[in-house]
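Note sheet for the following structure.
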Amino acid sequence: MFFKIVTDPEVDPRKCIVGMACANQAIKDGHQVSVFFASFAVKLLQKEYISALDGRVGTPEGFCFDILNDLVKNAEGIYCSTGSQAIVGLTPENSDGMFVEDLDLVWSGPPGVIQLAVNSEIQMIY
């Protein structure tokens, strides 16, 4: 399964978290899952941003961070748009310490999105 998170969390943070929770559920159900964060959704990978999101989503403290942590631990791959990260000020060269721990992030762009979609049986977009 391929999950693409593209919604700006400043506009609809609950939609972003629902997408991530669905990706986690798919993993729990035994599916192989890859997740691509694009556009302003790339901010969700930043530890300070995701840690502060609970108040806006209406979830208990640590809930959003835990959802992302589960994805980091269990997804087949976590991908992000290199161009979108650059727009929010992060590049592979300056991002040390900005993302959640143990994130083995794959920096990519449209070719990566296309390849993930082609290789998957099911795509879900949030």
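Laboratory data are not the source of any read-out in this text; all were calculated from the coordinates shown. On a predicted model such as this, the values are computed, not experimentally measured, just so you know. Here the Cβ positions follow ideal geometry from the backbone for every residue, glycine too, while neighbour counts run over all protein chains shown.
Looking at SER81 and the list (1) under 14 Å from the mean Cα position of the chain (by Cα); (2) within 14 Å of CYS16 (Cβ to Cβ), which single condition is not satisfied?
(2)
Mind checking whether some residue in region 10-17 is under 16 Å from MET124 (Cα atoms), within 11 Å of the chain's Cα centre (by Cα) and not charged (D, E, K, R)?
Yes: region 10-17 contains one or more residues that are under 16 Å from MET124 (Cα atoms), within 11 Å of the chain's Cα centre (by Cα) and not charged (D, E, K, R).
Of ALA23, ALA117, ALA52, which residue is within 11 Å of the chain's Cα centre (by Cα) and either under 16 Å from ASP8 (Cα atoms) or surrounded by 13 or more Cβ atoms within 10 Å (Cβ to Cβ) (or both)?
Details: ALA117 fails: within 11 Å of the chain's Cα centre (by Cα); ALA52 fails: within 11 Å of the chain's Cα centre (by Cα).
Testing whether each residue is within 11 Å of the chain's Cα centre (by Cα) and either under 16 Å from ASP8 (Cα atoms) or surrounded by 13 or more Cβ atoms within 10 Å (Cβ to Cβ) (or both) leaves just ALA23.
From the set of residues in region 72-86 that are touching a residue at least 24 places away in the same chain (Cβ under 8 Å) and either β-branched (Val, Ile, Thr) or surrounded by fewer than 18 Cβ atoms within 10 Å (Cβ to Cβ) (or both), which is farthest from LYS28 (Cα to Cα)?
Taking region 72-86 as the starting set, the residues that turn out to be touching a residue at least 24 places away in the same chain (Cβ under 8 Å) are 72-85.
Checking the rest, the ones that are also either β-branched (Val, Ile, Thr) or surrounded by fewer than 18 Cβ atoms within 10 Å (Cβ to Cβ) (or both) come to 72-74, 76-78, 82-83.
Values: VAL72: 13, LYS73: 12, ASN74: 9, GLU76: 13, GLY77: 15, ILE78: 16, THR82: 29, GLY83: 31 Å.
Per the stated criteria, the residue is GLY83.
Which is out of contact with any His (no Cβ under 8 Å at 6 or more places or on another chain), at positive phi and not polar (S, T, N, Q), of GLY55, GLY62, GLY83?
GLY62
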